[in-house]
Amino acid sequence: MAQKPSIPKGTRDFSPTEVAKRNYIFSTIKQVFELYGFQPIETPSFEKSETLMGKYGDEGDRLIFKILNSGDYLNKVDDSLLKIKDSLKITSKISEKALRYDLTVPFARYVVQHQNDIVFPFKRYQMQPVWRADRPQKGRFREFYQCDADVVGSKSLWQEVEFVQLYDAVFSKLKLTGTTIKLNNRKILAGIAEIIGAKDKLIDFTVALDKLDKIGAEGVIKEMLSKGISQDAIHKVQPLFQFNGNNQDKLNQLQDLLEASEEGIQGVKDLRFVIDAVESLGLQSATLELDVTLARGLNYYTGAIYEVTAPEGVKIGSIGGGGRYDDLTGIFGLNDMSGVGISFGLDRIYLVLEELHLFDEVALPKPKVLFINFGELEAAYCMKALIDLRNKGIKSELYPDSAKMKKQLNYANRRAIPFVVIVGENEIVNGNYTLKNMLTGEQKVCTLEDLLKITT
RNA sequence: GUGAUUGUAGCUCAGCUGGUUAGAGCGCCGGAUUGUGGUUCCGGAGGUCGCCGGUUCGAAACCGGUCUUUCACCCCA
């Protein structure tokens, strides 16, 4: 046997049924995106390294797939550099392109590059694969799809309200009820950090706080201490560790806690606006939850932070996330362009729908009629009928070879094709067709008109 | 990147503490049945036991490395 074929770690093949299910999710998301006024764009699967590097933190840089330069790339590297074997330094010499790590940074690049042609506020959506050199595990792949919708050029909080509704609309349409849309605001996190005098440790602080439901208050405190946040400071935010009540209660508690921080108060105000609006407009199937521990986030979020978790009982992590970023296009030289956006993790949504058996009605595209092939003459006769069937939109095909009847019928069975048309000498002489129902086994001789009528 | 875990036929898996020519079920191909399927019966093909190296008289089994699978951490969709 030849070498056993396989695909790289963390990648997957998708067979027809899987593609059908994935397309169902894609088209649902796409419909809702367009319903909300977004327009599609696409960007290259790889970008210049400088566009991507440094945008996702050190951890992110490590996870970016680098593309080797073409040609004799090593020849151009200094011997001295090769000798010290510093991978980081050599990488920038031998690789100038990298695979897309997410859709937001390429989008920022796109906006800056096309700023003169874009009508602002610009609402775009994008559904494309992204790549991460991560170690795969449950619900985590090295190649996966993101479905993003972003608005740039508007600071309106109404937009943030709409994204909550959009999440709810998509999940409701997928019949995925019981999702939780978690909402937070970076300004609140900054406010808290300010109150405790750990403004410079905002990232460490938020990353630790984010783990509250996973490692508990003790674990969080331990991690904060190890990052150099003082005992005294931690004591001040103690209330956060047992935060409860409904969204309004939480808002009021935050209001008190953040009194001394101007930024924090602004965050509470923003959050209150969004929460009030969503609560008065109502959601179909999702629950909106203010979660102060929500800190995931890419370093560029500056306002709202979203994260969607699957219904209780499905252990898959988040199935979507997003937020507001005021400074993103600034990196590429376009200032004062606020953006807010969300992302759907297609592959994870797939896993959740599968686990909850919500794919029932997704039909695999397959032919309805198979013409049995008895030979050249018969095949030619069948091809004529096929034209009529196909013109009427009836998915149909001719078995390509004049194989044994048994084999051809078996093929119809395996593919669950409901009708088979048998044409031999007799049928050709009489100008008719023998139609067989593969489910009931019934068969009858009929005209082309009957054939079209019955199989439609 | 850290720590575990998995790998035997196309698929799901047996294969005892190292011991002849490595098995089963399903699937595939052919026949019983040359214009009638899903059932049944008969026959057949298909394996460098992930890969490389080591220990041994002898390795699918033991050891090392590597790749792969799954999982946790880090981080994230």
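Brief remarks on what is shown
- Linear extension gain, residue A:42 paired with residue A:13, 0.36 nm per residue minus alpha-carbon span: 8.2 nm
- Rounded to the nearest 500, the helix-only mean residue ellipticity at 222 nm of chain A stands at -13000 deg cm²/dmol, with each DSSP H run of n ≥ 4 adding -39,500 (n - 2.57).
- Difference of contour (0.36 nm per residue) and Cα-Cα distance, residue A:442 to residue A:249: 62.7 nm
- Computed accessible area, residue A:195, all protein chains, 1.4 angstrom probe, square angstrom: 50
- Which of A:390, A:62 is most accessible, then next, and so on - probe 1.4 Å: A:62, A:390
- Share of Cα-Cα pairs in the range A:186-267 lying beyond 17 Å, as whole percent: 42
- Of the cross-linked pairs A:187/A:315; A:89/A:187; A:175/A:395; A:384/A:404; A:76/A:138, those separated by over 31 Å at the C-alpha level are A:89/A:187; A:76/A:138.
- The figure for residue A:45 is an accessible area of roughly 50 square angstrom, using a 1.4 Å probe on the protein chains alone.
- Extension gain, residue A:86 back to residue A:404 (0.36 nm per residue minus Cα-Cα distance, nm): 108.0 nm
- Crossing angle, helix A:16-35 versus chain A [Cα axis fit, 0-90 degrees, rounded to tens]: 60
- Largest to smallest accessible area among A:209, A:88 [probe 1.4 Å]: A:88, A:209
- DSSP bridge pairs, chain A: antiparallel proportion in percent, nearest 5: 80
- Shown is the FRET efficiency for residue A:175 and residue A:72, computed with R0 = 45 Å from the Cβ-Cβ distance and rounded to the nearest 0.05: 0.20.
- Cα-only Debye scattering, the range A:197-351: base-10 log of I(q)/I(0) at q = 0.11, 0.20 Å⁻¹: -0.51, -1.57
- Amide N of the range A:165-190 lying under 12 Å from the label point, which is placed 7 angstrom from the Cα of residue A:287 along Cα→Cβ: A:178-182
- For chain A, the percent of C-alpha pairs falling in each 10 Å distance bin, counted from 0 to the bin holding the largest distance, reads 4, 16, 22, 20, 15, 11, 8, 4, 1, 0.
- Whole-Å semi-axes of the ellipsoid equivalent to the range A:224-285 (Cα gyration tensor, √5λ, descending): 28, 14, 10
- Kirkwood hydrodynamic radius of the range A:340-456, from the reciprocal of the average inverse Cα-Cα distance over all distinct pairs: 16.1 Å.
- Using alpha-carbon coordinates, inclination of helix A:376-391 to the longest axis of chain A, degrees: 50
- Computed over protein heavy atoms with a 1.4 Å probe, the carbon and sulfur contribution to the accessible area of chain A reaches 50%.
- Extending 7 Å from Cα along the Cβ direction at residue A:334 and again at residue A:200 yields two label points whose distance is 3.5 nm.
- Folded to 0 to 90 degrees: helix A:186-195 orientation relative to chain A principal axis, Cα: 20
- Ranking of A:61, A:276 by solvent-accessible surface, largest first: A:276, A:61 (1.4 Å probe, protein heavy atoms only, all chains present).
- Along the axis of the charge dipole computed for the range A:44-176 (Cβ charges of +1 for Lys and Arg, -1 for Asp and Glu, origin at the Cα centre), the listed residues A:149, A:115, A:63 are led at the positive end by A:63.
- The range A:89-203: relative contact order in percent, alpha carbon pairs under 8 Å with at least 6 residues between: 18
- Estimated Rh, the range A:3-116: Kirkwood, alpha-carbon pairs, angstrom: 17.7
- Relative contact order for chain A: 15 percent, from Cα pairs under 8 Å spaced at least 6 residues apart, divided by residue count.
The values are calculated or read from the model by the stated rules, or taken from the named source; none is laboratory data. Bear in mind that the values here come from a model prediction, so they are computed numbers and not experimental data. All Cβ positions, even for glycine, are placed from backbone atoms using ideal geometry, and neighbour counts span all protein chains on display. Accessible surface is based on the protein model in full, side chains and every heavy atom, while ligands, DNA and RNA are left aside. Shrake-Rupley method; radii C 1.70, N 1.55, O 1.52, S 1.80 Å.
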